[in-house]
Amino acid sequence: MIETAFPGPGARDAFEMVTRAVTGGRYEVDTDLVGDEVIASPRGRYFFRFSYRGMVVDVSLRPGLVRDEFIELARKGAATPAEVARLDWLKQEMSDRLMSLPAEEVYDAAFATQ
């Protein structure tokens, strides 16, 4: 089971590709799943909970990795060509930066049993 507070379609598609959780009914989005302790995304929070055979892993993006400008511009909805270009640049820059880091520098993970 995958539960998340992040409604982004890219994450959903990636989880579906790897796990088939969406078509299997094992993928749920609940933007109220966590509170302000997890950093905000443009429409939710960067939080993912994976459950499998009695084990649970909660994963969240570490603070300081997402630029405030990205969140603000994405929430606003880029309206001008310059804003669209800037948002595209910010997405690519964040992707490049995060992909270059080891996972333990990008995510906090907490393990538990059900």
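Just so it is clear, none of the values below were taken in a lab; they were calculated from the coordinates. Computed from a predicted structure; not experimentally measured. Cβ atoms come from the backbone with ideal geometry, glycine included; neighbour counts cover every protein chain shown.
Table: residues versus (1) more than 16 Å from the chain's Cα centre (by Cα); (2) surrounded by 10 or more Cβ atoms within 10 Å (Cβ to Cβ); (3) farther than 21 Å from PHE15 by Cβ.
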| residue | (1), (2), (3) |
| --- | --- |
| GLY54 | yes, no, no |
| PHE70 | no, yes, yes |
| VAL84 | yes, yes, yes |
| ASP96 | no, no, yes |
| MET99 | no, no, no |
| TYR107 | no, yes, no |
| ALA112 | yes, yes, no |
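Considering the range 72-82, and only residues there that are in a loop (DSSP other than H, G, I, E, B) and small (Gly, Ala, Ser), the residue that is surrounded by the most Cβ atoms within 10 Å (Cβ to Cβ) turns out to be ALA78. Scanning the range 51-70 for residues that are within 20 Å of GLU105 (Cβ to Cβ) and not in a loop (DSSP other than H, G, I, E, B) yields VAL57, ASP58, VAL59, SER60, LEU61, ASP68, PHE70. I'd like the residue in the range 56-68 that is exposed (fewer than 15 other Cβ atoms within 10 Å of the Cβ) and in contact (Cβ under 8 Å) with a residue 12 or more places away in the chain and, out of all such residues, is nearest to GLN114 (Cα to Cα). Out of the qualifying residues, it is VAL57. Filtering the range 9-51 to residues that are under 18 Å from ALA103 (Cβ atoms) and surrounded by fewer than 14 Cβ atoms within 10 Å (Cβ to Cβ) leaves GLY10, ALA14, VAL18. Among the residues of the range 20-50, the ones that are over 16 Å from LEU61 (Cα atoms), of a type outside the set (A, V, I, L, M, F, W, C) and either in contact with a strand residue (DSSP E or B) (Cβ under 7 Å, 6 or more places away or on another chain) or in a strand (DSSP E or B) (or both) come to 4 in all. Whenever a residue of the range 29-43 is without any contact (Cβ under 8 Å) to a residue 12 or more places away in the chain, it has no partner that is surrounded by 14 or more Cβ atoms within 10 Å (Cβ to Cβ) and of a type outside the set (A, V, I, L, M) lying with C-beta atoms less than 7 angstrom away and at least six residues away or across chains.
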